[in-house]
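Here's the structure, in structure tokens; my notes come after.
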Amino acid sequence: MILIDSSVWINYFNGVFNQKTDFLYSNLGREEFIIGDLIYTEVLQGFSDERSYQKAKELLDVFPFKNLGGKDLALSSANNYRILRKKGLTIRKTVDVFIATFCIENNISLLQDDKDFEPFITLFNLKSI
């Protein structure tokens, strides 16, 4: 199971070709990809025109949907953030802390293209593609 981060979806919808979007293109229908509530919001809020928004929504709605939040995950995310901060590392977006922690705790790989996930890979064994 692979959660696709907004960093990859945004590149995908903008026609950016790189290693991450190539992986997504190549593995649609072959891998079990999922979408999360926070990622769904991040991606869809970026569309300015209705037609592109609707097309993106239709595509995203095909994937199994996961709620990434909740009190237990919020606490784990806060603890992970604090551990990183004590090591001098600051994650720019709280959403990324939630996404990384969700993947770590549920043993789910993350397809991402965002440097904020690197400390989670190194220190918490986040499986990243």
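The values are calculated or read from the model by the stated rules, or taken from the named source; none is laboratory data. Model, not experiment: these values are computed from the prediction. Every residue, glycine among them, receives a Cβ derived from its backbone with ideal geometry; neighbour counts consider all protein chains shown.
Key figures for this structure:
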{"quantity": "Residue check, Q54 loosely packed, with under 13 Cβ neighbours inside 10 Å, more than 15 Å from S128 (Cα to Cα) and among the polar types (S, T, N, Q)", "calculated": "yes"}
{"quantity": "Residue match in the range 116-128 (condition: of a type in the set (S, T, N, Q), crowded, with 16+ Cβ neighbours inside 10 Å and free of Cβ contacts under 8 Å to residues at least 24 places away in the same chain)", "calculated": "yes"}
{"quantity": "Residue list for the range 105-129, restricted to those being under 12 Å from I2 (Cα atoms) and either assigned to a helix (DSSP H, G or I) or of a type in the set (S, T, N, Q) (or both)", "calculated": "N106, N107, S109, Q112, S128"}
{"quantity": "Subset of the range 68-88 (residues that are touching an Asp or Glu at 6+ places or on another chain (Cβ under 8 Å) and either modelled with pLDDT of 95 or more or assigned to a helix (DSSP H, G or I) (or both))", "calculated": "L73, S76"}
{"quantity": "So I91, is it under 17 Å from the mean Cα position of the chain (by Cα) and at pLDDT below 95", "calculated": "yes"}
{"quantity": "Tally, over the range 23-50, of residues that are assigned to a helix (DSSP H, G or I), without any contact (Cβ under 8 Å) to a residue 40 or more places away in the chain, surrounded by 11 or more Cβ atoms within 10 Å (Cβ to Cβ) and not aromatic (F, W, Y)", "calculated": "5"}
{"quantity": "Criterion (among the aliphatic types (A, V, I, L, M) and surrounded by 16 or more Cβ atoms within 10 Å (Cβ to Cβ)) met by exactly one of L89, L59, L68, L75", "calculated": "L68"}
{"quantity": "Selection within the range 101-115 - surrounded by 15 or more Cβ atoms within 10 Å (Cβ to Cβ) and not polar (S, T, N, Q)", "calculated": "F102, C103, I104, I108, L110, L111, D113, D114"}
